[in-house]
1. In whole Å, what is the distance between the alpha-carbon centres of the range 498-525 and the range 358-408?
2. Using alpha carbons only, what's the Rg to Rh ratio of the range 397-519 with Rh from Kirkwood?
3. Return one whole number: the accessible area per residue of the chain in Å², for a 1.4 Å probe.
4. Could you work out the relative contact order of the chain? I mean the mean sequence separation of Cα pairs under 8 Å and 6+ apart, divided by the number of residues, in percent.
5. Relative to the longest principal Cα axis of the chain, at what angle does helix 207-221 sit, 0 to 90 degrees, rounded to 10?
6. Give the distance, in whole Å, between the Cα centre of the range 107-152 and the Cα centre of the range 188-230.
7. Amide H of PHE406: which non-local residues (sequence gap of 5 or more, or other chain) have their own amide H closer than 5 Å, using H built in the peptide plane?
8. Using packing as a proxy for protection, rank 481-490, 461-470, 281-290 so that the peptide with the highest average count of other Cβ atoms within 10 Å comes first.
Amino acid sequence: MAKKLLAVILACVMLLTLLTACGGNNTPSSPDNQSKTESGSTPVADNGDDVSTPVDSDGEPYKVVMEYLYFGELSPDFAEVEAAISERAKELVNCTVEFVPVTFAEADNTMNMMLSGGEQLDLMIAMGGTGFQNAVNRNQALELENLLEQYGSGIKDAMGLSIEGGYLNGKLYAIPSLDKFGREYGLIGVDDYMEKYNLATRDHPTYEQLDEWFARIKEGEGENFYPLILSGNTITTYEYFNDDNTADPLGSTVASGVILKSHNSDPTIVNLFETPEYKTHVDWMHKWYEAGYINPDCLTTSETAQSLIQSGKGANYTIFIEMDMLPQQQSAFDAYDMTVDKIQMANKYTTQANLNSQNWMVTVNSENPEKAFQFLSLLYTDDEIINLLYWGIEGKHYVKTDKDMFVAFPEGVDGTNVGYSQPLGLYGAVAKRYLRGTTYPDDYFEQLAKFDDIHEGDPDVSPYLGYTFNTEPFKTEFAAVNDVISQYRYSLEAGAVDPEEVLPQFIDALKSAGIDTIIEGNQESLNEWLASK
């Protein structure tokens, strides 16, 4: 799996064969504007107005302008793939597409400049709940409920309950683009150490069981060996060691409060960092750090946890552990003659924050929101367009294998010379894209379908799906609280500081920054949302 490199490159490749649109020339400047169809009628109105007249499929195709995130260098065959997608879209819904290629580093600035400058931009992506909120609060995104009802039956079939991730303030502004409707947390550990030092269970071991196991490993492997490897200056570990106490940030972040999974029957929002559960966790982390069970340079090392374990310096690291993660992680250790296995710490849980992490929006600059949404729908329903976008041209950039939905490179082609690549799982129904490689289990897609089969009332689904706390009225306090969290959280959850001394300082600083004010506003908003249901 390729790594996301945030290269600062902006390239815009326009396809000369695309036909220009003959839709309305008036670019909407706010969600209250209407857009015109090719025939000059005005069937689409945003913000909940009735959408009753379908766009005429005859006439000149509408050109959909869509953000296209990539990393590294733009693929040399990008324009060829863009043309193939346009040809297919023209056949199905009478539109073409012009991608706006942009790297992560330039994406926000480029999209904002296009929108503020009145340029046509039909579809853009928001990353994370705060990015989604920012777009809506800037009046950059149209409401989509009526378009979903008229043109989105395939989207609803593909995404199911995950569509709740596109709601803010009770209105649908975005369509989530995900392959996994939730997350599982745990450890990846080397089998030899689990067996040699007798890990009591690989299924939800307690802090006490891990402590006993870590102690045996440390005694057996010596001073410069660490049972738990952490790496990075933004380490968080709470979520990896808590199941019933999984924190639901209600579509926002922990800076605006959470509801713990074990307290779902009582919709009272709390400050995670004041809870007994959090104190228990950071106490254990500090104990392990002081005992030498955690690498002391965890907050400053530039080496990955994987590489440290590959070099024989550790036994376990924290990671997501869904169905594809273990075989992917194992492939990284094959060359080192190591076998790894997962240690299940927290079961799958689906929250609003999971579902609004990647959202596609129709922007206020769209000259034809209906056509834009029809094209967006194809990214959730049409296998040919989905896999053109991810893999390129069949026979040239990939070939199918004898395993359904698995592909390989054509003869003479590999990762170094393939003409098109799009490894970012950001577009449409990600679960419908083909997969390449031998690391996935044969029944991966069956496992994924079962994993994504989420329903209201399931114990592994938050009862607050559909609610996203809008932090805009508290943006000053929210920014200040996030600054405090950055100052204290990572060292606490790495175990590098004493919670008896530092945790009270952290909580006092959060209160001074305004976290209680934010939580009060969040609680009021949640209560209104619950009453409306």
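1. 44 Å
2. Details: Rg = 23.3 Å, Rh = 19.8 Å.
My calculation of the ratio gives 1.17.
3. Numbers: 22060 Å² over 533 residues.
Using a 1.4 Å probe on heavy atoms only, each residue of the chain averages 41 Å².
4. Numbers: 1038 pairs, mean separation 122.4, N = 533.
23 percent.
5. That helix lies at roughly 70 degrees to the long axis.
6. 47 Å
7. Hits under the 5 Å cutoff: THR401, LEU435.
8. Numbers: 481-490: 18.6, 461-470: 23.4, 281-290: 20.8.
Packing proxy ranking, top to bottom: 461-470, 281-290, 481-490.
The values are calculated or read from the model by the stated rules, or taken from the named source; none is laboratory data. None of the values given here were measured: they were computed from a predicted structure. Don't worry about glycine lacking a Cβ; one is built from the backbone with ideal geometry, like all the others, and counts go over all protein chains shown. For accessibility, only protein heavy atoms count, side chains too; no ligands or nucleic acids. Shrake-Rupley method; radii C 1.70, N 1.55, O 1.52, S 1.80 Å.
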